[in-house]
1. Which count do you get for residues in the stretch 92-107 that are modelled with pLDDT of 75 or more and part of a loop (DSSP other than H, G, I, E, B)?
2. What's the total number of residues in the stretch 45-73 that are of a type in the set (Asp, Glu) and in a helix (DSSP H, G or I)?
3. Please count how many residues of the stretch 103-122 are among the aromatic types (Phe, Trp, Tyr) and more than 14 Å from residue 72 (Cα to Cα).
4. Please go through the stretch 41-57 and give me each residue that is surrounded by fewer than 17 Cβ atoms within 10 Å (Cβ to Cβ) and touching a helix residue (DSSP H, G or I) at 6+ places or on another chain (Cβ under 8 Å), ordered by number.
5. Which residues, taken from the stretch 71-81, are at pLDDT 75 or above and not β-branched (Val, Ile, Thr)?
6. Of these, 131, 144, which one is surrounded by fewer than 20 Cβ atoms within 10 Å (Cβ to Cβ) and either modelled with pLDDT of 80 or more or part of a strand (DSSP E or B) (or both)?
7. Consider residue 68 carefully, then state whether it is surrounded by 10 or more Cβ atoms within 10 Å (Cβ to Cβ) and at pLDDT 85 or above.
Amino acid sequence: MNKKGFSLIELLIVIAIMAILGSLALGAFSTARKQGRDTIRKADLAQYKVALEQYYTTNGSYPTTGGAVHDSETTANSIFTSNGPLSSYLGGSPPRGLSIPTKKYYFISNGTTFVVQADLEVGTCWEVCFNGRTGVLNSVCSSNTSVACHIP
């Protein structure tokens, strides 16, 4: 008997294997996209640090938050807006990572020190400090204390 083609079982096995491989590839791609967005957030924080240092050079102090934590969603005139105190040092517009939804940026300053933080998708919180230290916090962002910066 001369048999041409594949049986139904053989085709189903091949389709199942392809579906498994496809789901593994999509999972890895999703993680890579999250890491890419986190890299954008970290670069944004570095931009804020440079802008804050330029602001300090010009004005003799950092923009103050009066002890409150300013975040990128609820503070109308914070450093994260296009009309905030850093707008002229950031080219008139906030960094591109602020357009990524559901992830916040935080800023707190007493005029002589500052901490800028961002929620990460892979990890918890990344912060940049006035003293040049950067790193991942083991706690959530927006707390009034900073582990890496040693600011009370």
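1. Residues flagged as modelled with pLDDT of 75 or more and part of a loop (DSSP other than H, G, I, E, B) within the stretch 92-107 amount to 1.
2. So the count comes out to 1.
3. Of all residues in the stretch 103-122, those among the aromatic types (Phe, Trp, Tyr) come to 105-107, 114.
Applying the additional criterion that residues be more than 14 Å from residue 72 (Cα to Cα) yields 114.
Within the stretch 103-122, residues that are among the aromatic types (Phe, Trp, Tyr) and more than 14 Å from residue 72 (Cα to Cα) number 1.
4. Residue satisfying the conditions is 43 alone.
5. 80
6. Working: 144 fails: either modelled with pLDDT of 80 or more or part of a strand (DSSP E or B) (or both).
Of the residues listed, the single one that is surrounded by fewer than 20 Cβ atoms within 10 Å (Cβ to Cβ) and either modelled with pLDDT of 80 or more or part of a strand (DSSP E or B) (or both) is 131.
7. no
The values are calculated or read from the model by the stated rules, or taken from the named source; none is laboratory data. All values reported here derive from a predicted model rather than from experimental measurement. Methodologically, a virtual Cβ is constructed for each residue, glycine included, from the backbone with ideal geometry; neighbour enumeration extends over all protein chains shown.
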